[in-house]
Structure formats: structure tokens, C-alpha cells
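Notes follow the structure.
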Amino acid sequence: MNWLTNVVRPKIRNMLRRETPENLWIKCPDSGQLVFYKDVEANQFVIPGSNYHMRMGAVARLKSIFDNETWFDVALPEVTADPLKFRDEKKYADRIKDARARTNLNDAIKVGYGKLEGSAVVVAVQDFDFMGGSLGMAAGEAIVRGMELAVEKNSPFIVFAASGGARMQEGILSLMQMPRTTVAVQMLREAKLPYIVVLTNPTTGGVTASYAMLGDVQIAEPGALIGFAGARVIEQTIREKLPEGFQRAEYLKEHGMVDMVVHRHELRPTLARLCRLLTKAPAQEGASKPTQAVTSPAQIISAAETAPAAPHA
């Protein structure tokens, strides 16, 4: 026992006690180093030193993409909250309430409309913190509405995918969002509007099997886990050991499944260049320009990769 415990009255002890936020420090999953949360937040949630890309919330992602961190939130259609009255360890309706309270989001996908280096774009962001970014009816409606708005505004559509797959609590109604979003992608194609997909960690399951792999250009963040089934399930099925780095962004780029692996610090200028190239829009003053004319998809990707290497924090 010390003098503070023995002598100082409880009310005074409570005044002397300092409240420490739970997320004051972050442990890097890659290197194990402890990093001050504010430093990671200022670095777009990339760990300084190891360059490990942590998950990024929907609001933070939209701020990092739109000019002046401003955009219009797109109103999304209302859906039935618990159509199957599903219950496992707890009610599905209660899970949704908890997820909404924790993330301040209505569902897993948030859609915004604004300017990217002066050009109008529609951006949809999937937030993994909301029930694993799972694809349910509300998320499907968000993707479809975002693509419809892109057609209405005649602007490119960009989606940041992060998901564990379809939402099991909605059963077949969740699985039906896969063909619905695929049809919506075809609507963009018919309107001849760019559809760019950014695959973040992780993107798996039914999302990978639908709109996440149908982009005109497929971009992935470094180290992102991308696939349909898990590596352990695949190994048990084929009874073979999978190669090193299987289902990681760099491995998939080498094998032609994604077009580019782009550091988060370079995502914004890269997306802006791709939108200009695909829409044949003039470059804004001060924006980087391609050094040659582009006529094919391969040249478009090559021109978009002309940005300097990402700085290391």
C-alpha cells in the first residue's frame, strides 16, 4: 500500500487518475512495433517504417480521395433490416444495431459524390468494421444506387472493396446481390463509363465473385488478401501446399489477376489519372500528364503508373 491508497480520499484519487484511450498505441501486425495512433492516422493508416497498410474506415477513405475532403453523401434506398428474423447466438437485428452504434454507419457501404482533381466521380467504400464488410441487401442497394448515379452524372465509378463475403444472416437474399451488382456493372459498360475497383485487405467470398473483379482496371493495395475461398480450404480441397504469398496482391499481379499494386499514398493521383485517361478528359493544371498518347488498356495502365514511387514515412 502506498500513501495515495491509504491517505488520499477516493474522490481525489479519481481526479488524479488519467484516462488513457484504448487505441493510443497500435501494434504493427507485420513487424510487431508499437506506433503512436496519431502518427498512423496522419500517415493514412500506413505503419511508418514497415509500410503495412491497415484497414481504413469509410469516412477516412472518402476524405483521402475527394478534393478538399468534401463530398455529397448519396442517399441510399431503405431495406428490410431483418427479413428472415435470423438468430444465432444473438438476434441479427441486435447485431445490426451494435454495428451501427460502433461505426456510425447505416450499413457496410458508404457512397459519396464529389470532385477528384477537379473531375466529378462517384465513390463507394466498403467498411470492414461493419460486420466484416459483408454483402447484404443494403450493401447491394448501395452499389447499384452508386452505379445508377454515375450514369446519371455521366461520371466514373470507383469502388473500394473490403469484405468477408455474403452476409449469412440474409441467406439467399444476400446471394442475390451478386447477380444484381453484376447487372449494374453492365449498365456502366453500356454507358461507356469507367469502372475502377480498388481491392483492399481483405476482399474475399461473394464480393470477389461479383462486382469486385469486374472493373475496367483492377487496383490492389500492397499486401491485400484477395480471393474467393480461404487458403486452408483450397489446400484441403486440392491436397497440395500453396505457393508463398498465394492470394496476396503482389502474387496476383504477377499472375494477371490484378492490373496494378499501388501504395495508398499514390492512390489518389493514380485514380485521377485513370479517370482522365478513360474519359479522355483534359488534365487539370498542376496534375501529372502521361508522356504519350494511349490507345489500348495496356497503355492506359502504363500511363497511370507514371507516378513517382510512394514516399516512405
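The values are calculated or read from the model by the stated rules, or taken from the named source; none is laboratory data. Here the structure is a predicted model, which is why all the values come from computation and not from measurement. So basically every Cβ, Gly included, is an ideal-geometry build from the backbone, and we count neighbours across all protein chains shown. Please note that ligands, DNA and RNA were not included when accessible areas were found on the heavy atoms of the full protein model with its side chains. Shrake-Rupley method; radii C 1.70, N 1.55, O 1.52, S 1.80 Å.
Just a few scattered comments:
- Restricting attention to segment 230-252, the residues that are surrounded by 15 or more Cβ atoms within 10 Å (Cβ to Cβ) and of a type in the set (A, V, I, L, M) total 3.
Yes/no matrix, rows are residues, columns are (1) open to solvent by 10 Å² or more (accessible area, probe 1.4 Å); (2) in a loop (DSSP other than H, G, I, E, B); (3) closer than 18 Å to Tyr211 by Cβ:
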site	(1), (2), (3)
Ala93	yes, no, no
Val125	no, no, yes
Glu148	yes, no, yes
Ile196	no, no, yes
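- Within segment 215-229, tally of residues that are outside any loop (DSSP other than H, G, I, E, B) and either open to solvent by 80 Å² or more (accessible area, probe 1.4 Å) or not hydrophobic (A, V, I, L, M, F, W, C) (or both): 1
- Cβ-Cβ contacts under 6 Å between residues 6 or more apart (or on different chains), taken from a first residue in segment 191-218 that is under 24 Å from Ile172 (Cβ atoms) to a second residue that is of a type in the set (Ser, Thr, Tyr) and in a helix (DSSP H, G or I), are listed as Ser210/Thr181; Ser210/Thr182; Tyr211/Thr181.
- The test for being of a type outside the set (Gly, Ala, Ser) and either surrounded by fewer than 15 Cβ atoms within 10 Å (Cβ to Cβ) or outside any loop (DSSP other than H, G, I, E, B) (or both) holds for Val59.
- Figure legend. Inter-residue proximity from segment 170-184: first residues in the same structural domain as Ala212 (by the TED database), second residues open to solvent by less than 60 Å² (accessible area, probe 1.4 Å) and charged (D, E, K, R), beta-carbon distance below 8 Å, spacing 6+ or different chains. Indicated pairs: Ser174/Arg167.
- Extreme residue, modelled with the lowest pLDDT, among residues of segment 75-90 that are farther than 20 Å from Asp129 by Cβ and open to solvent by 70 Å² or more (accessible area, probe 1.4 Å): Thr80
- Only residues that are outside any helix (DSSP H, G or I) and among the aliphatic types (A, V, I, L, M) were counted in segment 132-146, giving 1.
- Every listed requirement among (1) free of Cβ contacts under 8 Å to residues at least 40 places away in the same chain; (2) exposed (fewer than 14 other Cβ atoms within 10 Å of the Cβ); (3) over 19 Å from Ala142 (Cα atoms); (4) not small (Gly, Ala, Ser) is met by Lys97 save one, (3).
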